[in-house]
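Let me begin by presenting the structure, written as structure tokens, before commenting on it.
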Amino acid sequence: MNCFTGIDLGSTTTKAVILDEAGAILGRGITNSRSNYDLAARVAREEAFITARFGLLRQRVEAAAGAVVLDRLLKAFRLSQTLAQLHRTRELIEQEVERSVADHLRRPTLDVVESIFVTMEEEEEAWFAAENPPPRSDFFRDAAGSAYMRLAEERADPDSVTFDLLLGLYDKCIIQVENEPLELGFRHHIGAALDRIGNSPIVREAVESATETPLDEVSTVGTGYGRARLPFPKEQIHSEILCHGLGAHILFPATRTVLDIGGQDTKAIQVDSSGIVTSFQMNDHCAAGCGRYLGYIADEMNIGLHELGPLAQKSTRSVRINSTCTVFAGAELRERMSLGEKREDILNGLHRAIMLRAMSLLARSGGVNNEFTFTGGVARNPAAVAALTELCEENYGRRTLNISPDSIYTGALGAAHFALRETCS
Amino acid sequence: MATTAKDRTAKVQKDRSMVLQKQMIAEHFRRLEEAPESGEPVVYTFVPGNLTELIRSFGALPLLPEINALQSGMRGKSRDYIAEAERAGHSEDVCTYVKCDIGMLKSGNIGPTGTRLPKPDLLLLSYTGCYTFMKWFELLREEYDCPTVFLQIPYQSDGKIEPAHRAYVVEQIRRDLIPTLERITGRAYDEDRLRHHLALAAQAEDDLVAVLESAKHRPSPIDAYFGAVYYVGPIFSAFRGTEEGVEYYRELRREVEARAAAGEGPITPDGPLNEQRYRLVVEGPPNWTSFREFWRMFSREQAVIVASTYSKVGGVYDFGFRHDPGDPLGTMADYCGGCYTNLNMPGRVEMLVDYIREYEADGFVINSVKSCNSFSAGQLMMLREVEKCTGIPGAFIESDLVDPRYFSAANIKNRLESYLQMIDARRAGNGA
């Protein structure tokens, strides 16, 4: 089976999308960019191939054993992956304890680490087994990190194995876990997953037929901030502006204006009826009002990035905020808090300030034309979407606002379509 | 091996104009350094509206602070100079040319060729379209306590120089400037001498226009922005209306015409650019602190600039203006009022549209610099207007003149690459 890959090396996350010859999405992958683009590209691509395999698997297992079995298999597969990563983290922490912890503390530290990881493994099993598991970060680092932190706090002893000691061990080892290519291979984990769900011969046969279909990567196009790191010829490297434009067109074919707010830049793009960019504007020298800004705000408030939007939506009144300077964000926030403003009201004002900045870029690029598609990580934030909708209506009248739940993949999707289009032409 | 011989000839020819320019500039700064001893009067003035022929006719030497500032930027000195000026109390948001010049002054006043710069005997402002110029000379006047002449130059709000405006400027030159020059130089105004310099200016201007218009060839033998910065150097600084200037432009024209005849492109930081994928028009001054890096962003994509407005800040000669020895004061008034940034917005839009059409450009890029409101105000409106008139989308990038803190290579490269790929996509779309 011929396939076409698009890789988007963003400043925060790296995404990969695989298409078949008809342009249908076979698979997608996402990972932290970690300032190691080579590895991030490899991991995202590998993950996209895994989901592509699951795409094939889906058809065949569902036909052979039904949707419920398929779902269980998929979850078991993810669990196997996560457990492998947990196992590796624990192994590294234990090595670190042997190396750096004082003799008299070594045994008690190992015991606490063991107890933490046993619980984490149990929790992982439970999370994957749950009907509707609570939402959490897509990234191993964040999901595992918050569980570890919680358990370490609970089990630390200020007189012997302190929280700081446990935290230091984790911080040191998680970097290595992230930066070594883990065994994420499809075949390895699918075997474990099959065992976990009972290894029925019908399912095994369907899995094997999906596993053995070759996926031939005909062409790859790279985009995003790290694109120059990709080992591709120049023709296969495309600007993310073009990729976002085309990606948005593929997701919503009637798109004429695209707003993309990513980690470190904001792009306002106008596209024609075939998804070709006709005009664009980007933020200039600073990342004010971009995803990274929200990240700082979340850090300042000591909450998760995904909690910002919902918290802002609890606001009853908007605080007017003019500066979206990332550097001043902390100071601005503390100033408002000291004046007695409520967190949700401040956040509401911040979201509006970000969107005002985006509106200025949109105006410079040629306005907001129908239909209007919002992409990038910030499109996942409900308060940002609400502020955008309101401002768009105030300035341009009612527009159809498209947001895909998969908008984070827009750039990679556009890149994959460029790979497909250019191969076909 | 005929081409090798041709290449060698081209190289030798190219070297000659460059060598000439280098010698001219070195000699000029040597004379400036010795001015306190030799007694040659020194007049500080700015490129737009500069009255070099008149200054020369009084035997005085022109010195151009903004050229020194851009040279400091290219030589990697501007960061420290700007910091020096900011320590002295100048805001981060002030034009960086000014701060670079003030910082240079405070750091010993060593000019671009490593020689000490003399104090001015006169500060001559002959273009008031840039408000910052006025403030700049006020600062220098504080420093040097020397005579100052500020000519009021009316803006071309209706797109042309009105007869009354012209008469007004002529009157200021006659009543204010000439007597001041007579006083500080101790010489009487000599109109024949002025006519002589103006005639030399017109000769060099003819050759400069031929050089700039050579970009209509395919491939273009010049880069009309990055390369043209060097070509306009002598005529914008101190050599318009001089014998050396005439010789330089005669030589340059010969070299460029030889390159055009041989079908050769310009020499870029990465070597000759003979294969030209994109022909672009550029509006706005270049960034000086990363000049070569900025140029490379274009040349590595095989983009050549075929016309630019920046190469016209010292005169829009390609639209017909020539210094006229038959009407010495009138021609100087026309020159002052005809500065590129003194044109109104429709005039600037029209100029860009003309360039795109006449030079058969694939696109146009606006480099909007933080420092210069004379250039940057209204540029987005211009972008939209030019797009509307030509049907060709433009690109908008942002940087600064000489403050390295405002040059974000990744950001600019990203926009430029996106833009060039957009041109490709449009070509592919139109071809299908």
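The values are calculated or read from the model by the stated rules, or taken from the named source; none is laboratory data. Remember, predicted model here, so these are calculated numbers, not experimental data. FYI the Cβ positions are ideal-geometry reconstructions off the backbone, even for glycines, and counts take in every protein chain you see.
This table checks each residue for (1) more than 24 Å from A:P214 (Cβ to Cβ); (2) assigned to a helix (DSSP H, G or I).
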| residue | (1), (2) |
| --- | --- |
| A:T31 | yes, no |
| A:F49 | no, yes |
| A:F54 | no, yes |
| A:T82 | yes, yes |
| A:V97 | yes, yes |
| A:T109 | yes, yes |
| A:M120 | yes, yes |
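Within the stretch B:375-396, identify whether any single residue is modelled with pLDDT of 90 or more, under 20 Å from the mean Cα position of the chain (by Cα), in a loop (DSSP other than H, G, I, E, B) and within 12 Å of chain A (Cβ to nearest Cβ), and answer yes or no.
Checked the stretch B:375-396: no residue is modelled with pLDDT of 90 or more, under 20 Å from the mean Cα position of the chain (by Cα), in a loop (DSSP other than H, G, I, E, B) and within 12 Å of chain A (Cβ to nearest Cβ).
Condition check ((1) under 21 Å from the mean Cα position of the chain (by Cα); (2) surrounded by fewer than 21 Cβ atoms within 10 Å (Cβ to Cβ); (3) of a type in the set (S, T, N, Q); (4) at pLDDT below 95) across all residues:
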{"residue": "B:T3", "(1), (2), (3), (4)": "no, yes, yes, yes"}
{"residue": "B:M18", "(1), (2), (3), (4)": "yes, yes, no, yes"}
{"residue": "B:E53", "(1), (2), (3), (4)": "yes, no, no, no"}
{"residue": "B:G59", "(1), (2), (3), (4)": "no, yes, no, no"}
{"residue": "B:E66", "(1), (2), (3), (4)": "yes, no, no, yes"}
{"residue": "B:Q71", "(1), (2), (3), (4)": "yes, no, yes, yes"}
{"residue": "B:G76", "(1), (2), (3), (4)": "yes, yes, no, yes"}
{"residue": "B:A88", "(1), (2), (3), (4)": "no, yes, no, yes"}
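Testing A:L105 on (1) of a type in the set (A, V, I, L, M, F, W, C); (2) farther than 23 Å from A:H188 by Cα; (3) without any contact (Cβ under 8 Å) to a residue 12 or more places away in the chain, one condition comes back false. Which one is that?
It fails just one condition, (3).
Would you confirm whether any residue within the stretch A:394-403 is within 26 Å of the chain's Cα centre (by Cα) and β-branched (V, I, T)?
yes
Under the condition of being of a type in the set (A, V, I, L, M, F, W, C) and closer than 12 Å to A:D38 by Cβ, which residue from the stretch A:217-238 is farthest from the other protein chains (Cβ to nearest Cβ)?
Top of the filtered list is A:L230.
Do we have B:A377 as under 22 Å from B:F291 (Cβ atoms) and surrounded by fewer than 18 Cβ atoms within 10 Å (Cβ to Cβ) here?
When the stated conditions are applied, B:A377 does not pass them.
May I ask you to list the residues in the stretch B:297-347 that are among the basic types (K, R) and under 16 Å from the mean Cα position of the chain (by Cα)?
B:K312
Between residues in the stretch A:23-40 that are closer than 21 Å to A:Q81 by Cα and in contact (Cβ under 8 Å) with a residue 40 or more places away in the chain and residues that are acidic (D, E) and part of a loop (DSSP other than H, G, I, E, B), which pairs lie under 8 Å by C-beta distance while being six or more apart or on different chains?
A:L26/A:D20; A:R28/A:D406; A:I30/A:D138
From the list B:G326, B:G284, B:G338, B:G263, which residue is under 19 Å from B:T45 (Cα atoms) and of a type outside the set (F, W, Y)?
B:G338
Name the residue that is farthest from the other protein chains (Cβ to nearest Cβ), counting only residues in the stretch A:261-301 that are surrounded by 21 or more Cβ atoms within 10 Å (Cβ to Cβ), farther than 30 Å from A:M337 by Cα and of a type outside the set (V, I, T).
Here the answer is A:A268.
Would you mind stating whether A:E217 is within 24 Å of the chain's Cα centre (by Cα) and under 30 Å from A:G191 (Cβ atoms)?
Here the answer is yes, as A:E217 does meet what is asked.
Residues that are within 30 Å of B:L125 (Cβ to Cβ) and at pLDDT 95 or above: list the helices (runs of 4 or more DSSP H) wholly contained in the stretch B:285-373 that include at least 3 such residues.
Helices (runs of 4 or more DSSP H) meeting the threshold: B:328-337, B:345-358.
For A:H104, which of the numbered conditions (1) more than 22 Å from the chain's Cα centre (by Cα); (2) surrounded by 12 or more Cβ atoms within 10 Å (Cβ to Cβ) fails to hold?
Going through the list (1) more than 22 Å from the chain's Cα centre (by Cα); (2) surrounded by 12 or more Cβ atoms within 10 Å (Cβ to Cβ), A:H104 breaks only (2).
Can you tell me which residues in the stretch A:414-425 are away from chain B (no Cβ under 14 Å) and either closer than 11 Å to A:H244 by Cβ or in a loop (DSSP other than H, G, I, E, B) (or both)?
none
Counting residues that are at pLDDT 95 or above, among the polar types (S, T, N, Q) and farther than 30 Å from B:V306 by Cβ, which helices (runs of 4 or more DSSP H) fully inside the stretch B:130-240 reach at least 2?
Per the criteria, B:178-185.
When residues of the stretch B:286-339 are filtered for being crowded, with 23+ Cβ neighbours inside 10 Å and at positive phi, how many remain?
The number of residues fulfilling the criteria is 1.
Residue-by-condition table, conditions (1) polar (S, T, N, Q); (2) at pLDDT 90 or above; (3) in contact with a Cys (Cβ under 6 Å, 6 or more places away or on another chain):
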site: A:E307; (1), (2), (3): no, no, no
site: A:R320; (1), (2), (3): no, no, no
site: A:T324; (1), (2), (3): yes, no, no
site: A:R336; (1), (2), (3): no, no, no
site: A:R380; (1), (2), (3): no, no, no
site: A:L401; (1), (2), (3): no, yes, no
site: A:S407; (1), (2), (3): yes, no, no
site: A:L413; (1), (2), (3): no, yes, no
site: A:E422; (1), (2), (3): no, no, no
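With the structure loaded, tell me whether A:E46 is of a type in the set (D, E), modelled with pLDDT of 90 or more and either touching a Ser or Thr at 6+ places or on another chain (Cβ under 7 Å) or within 30 Å of A:T220 (Cβ to Cβ) (or both) or whether it fails that test.
no
Over 19 Å from A:G275 (Cβ atoms), within 7 Å of chain A (Cβ to nearest Cβ), aromatic (F, W, Y) and buried (at least 21 other Cβ atoms within 10 Å of the Cβ) - does that describe any residue in the stretch B:402-420?
Looking through the stretch B:402-420, none of the residues is over 19 Å from A:G275 (Cβ atoms), within 7 Å of chain A (Cβ to nearest Cβ), aromatic (F, W, Y) and buried (at least 21 other Cβ atoms within 10 Å of the Cβ).
Do you know which residues across the stretch B:359-374 are within 11 Å of chain A (Cβ to nearest Cβ) and of a type in the set (D, E, K, R)?
Selection gives B:K370 alone.
Look through A:E21, A:E62 and report the one residue that is surrounded by fewer than 19 Cβ atoms within 10 Å (Cβ to Cβ), under 25 Å from A:A210 (Cβ atoms), of a type in the set (D, E) and in the same structural domain as A:S160 (by TED's automatic domain parsing).
Testing whether each residue is surrounded by fewer than 19 Cβ atoms within 10 Å (Cβ to Cβ), under 25 Å from A:A210 (Cβ atoms), of a type in the set (D, E) and in the same structural domain as A:S160 (by TED's automatic domain parsing) leaves just A:E62.
Given the criteria at pLDDT 95 or above and part of a loop (DSSP other than H, G, I, E, B), does B:P120 qualify?
yes
Any residue at all in the stretch B:346-357 that's within 10 Å of chain A (Cβ to nearest Cβ), over 19 Å from B:Q156 (Cβ atoms) and not aliphatic (A, V, I, L, M)?
no
Residues in the stretch A:19-28: is at least one among the acidic types (D, E) and part of a loop (DSSP other than H, G, I, E, B)?
Yes, the stretch A:19-28 has at least one match.
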